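Read through the structure below, which is laid out as structure tokens, and then see the notes.
None of the figures in this text is laboratory data; all of them are computed from the coordinates on show. Everything numeric in this text was worked out from a predicted model, so none of it was measured. Here the Cβ is made from the backbone with ideal geometry for all residues, glycine too, and neighbour counts use every protein chain on show.
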Amino acid sequence: MNKILGVFARAVKIPEIRKKLLFTLFVFVIFRFAAHIPVPGVNIEALRKLFSQSQLLGLLDIFSGGTLANFSILALGLNPYINASIVMNLLTMVIPSLEELQKEGEYGREKINQYTRLAAIPLAVLQSLGMYALLKNQQIILKLPWLNLISFVVTMVTGTIFLMWLGELLSENGIGNGISMIIFAGIVGRFPVALGQSLSLFEAESLFSFLVFLVMALAVVFFVVLVNETSVKVKIAYARRISGRRMYGGQSTHLPLKLNQAGVIPIIFAISIVLLPSMMGSFLSGVKNPTVARLAEIMVQAFRPNSWFYNLVYISLVIGFTYFYTAIVFDPNKIADEIKKYGGFIPGIRPGSPTAAYLSGILTRITLPGAVFLGLIAILPSIAQAITRVGSMSIGGTGILIVVSVVLETTKQLEAMMVMRSYDGFLK
């Protein structure tokens, strides 16, 4: 903690970084202001009562930064963009043209990001219609005329586009990854309320349950930092070569392979998928067809946040997305080619394909404990409920994981910027 505060204290003294920090804070203020602009025609008190009775909706509200309980113009949050990112990442693995585009460096990534933003718009339309149907079934919003319904959908979609725009501005002019920072701001903005709700559950419980909850919270922070900072160092040696009277090479370095290469992305992807069946079930529960209504009821019961089936699917998705996203962000063949290009090699391993296979084997083995850790963090509320005997938890490990991970990544970026500035000053 002292190290993080020290990095921010030194960063504030540098004009260029201070400007980026102030811009980031300014975007956070705009986001929190917009999060309290309600959509007209919604019974806010009835909506908050519904959210207080549902752990699933409460979890969604925490991730949206309270925009759902207030039902603001940002109520959809970044869910459509996240779902579009999942679809685009899958498509790049099966469509050759997109795969080639991804290999074209900055230009290819920019084009794929543009396709992702465009794909998020129809998904936002579908999700806004689903949200309207859910609220109408719960009698929180009245049946709207066509013109008002179109206005409702346009407002919700515009809120998502506005958030994507804020995220892009943060990535270009602020600190950290824009999308992650927006999610971080939402969770932090809702954190005090969620913490108060969780602590209030212990009023009628024993002191032991409260202490267990406190120890688990501290343990989550400790292990999140530990897993994020743990890496396996693969030794890279460089052959000696003589040019004229000088000898080059002969040094050795290390290639760090992190235990969790994917960061918080798998858990964000997984929660976007695992919440869909329950939302679809709630949407279809009002259908007059008895078969469809029965199927909807089964979906709602199976995907209750505390059910064993929900937790099994959730942890499986987290592990699967961890391996999937790790394969996207870390290409062993590309790393092996770069090592070979600069005359490097792993002692005892031949350059080229054997090096790629060796790195892939190491990465596969070390990703498993990181993926299992993320899965356990995801189902932490159910584990906490089983230990403390508290009926529901308003705060879980997922929010803590995202907050701690974003703070660590932002601190590393600030350190890199300060080191770069020092080098620039030295060169001048």
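So, how do all the Cα-to-Cα distances of the stretch 63-122 break down into 5 Å bins, in percent, from 0 on up? Reading upward from the zero bin: 4, 19, 22, 19, 13, 9, 8, 6, 1. Multiplying the residue separation of residue 126 and residue 100 by 0.36 nm and removing their Cα-Cα distance gives an extension gain of 6.4 nm.
For the pair residue 226 and residue 37, the difference between a 0.36 nm per residue extended length and the Cα-Cα distance amounts to 64.1 nm.
Convex hull volume of the C-alpha atoms in the stretch 306-391, normalised per residue: 102 Å³.
Extension gain for the segment residue 169 to residue 383, taken as residue separation times 0.36 nm less the Cα-Cα distance, is 73.2 nm to one decimal.
Take the Cβ atoms of residue 254 and residue 29, set R0 to 41 Å, and the FRET efficiency comes out at 0.45. Annotation for residue 44 and residue 219: the two label points, set 7 Å from Cα along the Cα-Cβ direction, are 4.0 nm apart. With semi-axes defined as the square roots of five times the eigenvalues of the C-alpha gyration tensor, the equivalent ellipsoid of the stretch 294-355 measures 46, 10, 7 Å, largest first. Between the stretch 137-157 and the stretch 310-381, the alpha-carbon centres lie 45 Å apart.
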